[in-house]
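Notes follow the structure.
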Amino acid sequence: MADRAVSAVVGKALEASIVIIYIGLLTTTLYAGVLPEYRTGAATEVADRTLADASGELRTAVPSTAETGETERQVDVPTTIRGETYWIRVQDDDLVLDHPHPDVGERVPSYCQRRSRPSMGSGEATTGRS
């Protein structure tokens, strides 16, 4: 008679352990493979949109005449991409987004003519967020 009570407890323990193993495997699969790839893909899209917005604002900031003067524009960009700080800079007439993750980073033409290009000092301007 006492053996019947033990079999119910063992059965419930086995059911609970199967559920725990299933949840552990599902979590491991998601965090090891699917989610990092999704985060990188989403971060690449955000980087692309961020540079497109910054490039559009840069084009409108360049004066249409050859007069010398300063123009300042502020662009709302995300504070971080993929949870990390990034930098936007101008290099060789291109707008470049530098990111610590090797798969996230973009480069687009700035469409600024060299004669009306803003002064960059040493050749590169960094407009990142910290």
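Odds and ends about this structure:
- Scope segment 72-93; condition open to solvent by less than 70 Å² (accessible area, probe 1.4 Å) and either under 17 Å from Thr44 (Cβ atoms) or part of a loop (DSSP other than H, G, I, E, B) (or both); matching residues: Val75, Val77, Pro78, Thr80, Ile81, Arg82, Gly83, Glu84, Thr85, Tyr86, Ile88, Asp93
- All positions within segment 24-33 that are surrounded by 10 or more Cβ atoms within 10 Å (Cβ to Cβ) and of a type in the set (A, V, I, L, M, F, W, C): Leu25, Leu26, Leu30
- Of the residues in segment 39-51, none is modelled with pLDDT of 80 or more, part of a helix (DSSP H, G or I), aliphatic (A, V, I, L, M) and more than 30 Å from Arg89 (Cβ to Cβ).
The values are calculated or read from the model by the stated rules, or taken from the named source; none is laboratory data. Nothing here was measured: the structure is a model prediction, and the numbers come from that model. Counting neighbours? That spans all protein chains shown, and the Cβs are built from the backbone with ideal geometry, glycine included. Surface areas here come from the heavy atoms of the whole protein model, side chains and all, with no ligands, DNA or RNA. Shrake-Rupley method; radii C 1.70, N 1.55, O 1.52, S 1.80 Å.
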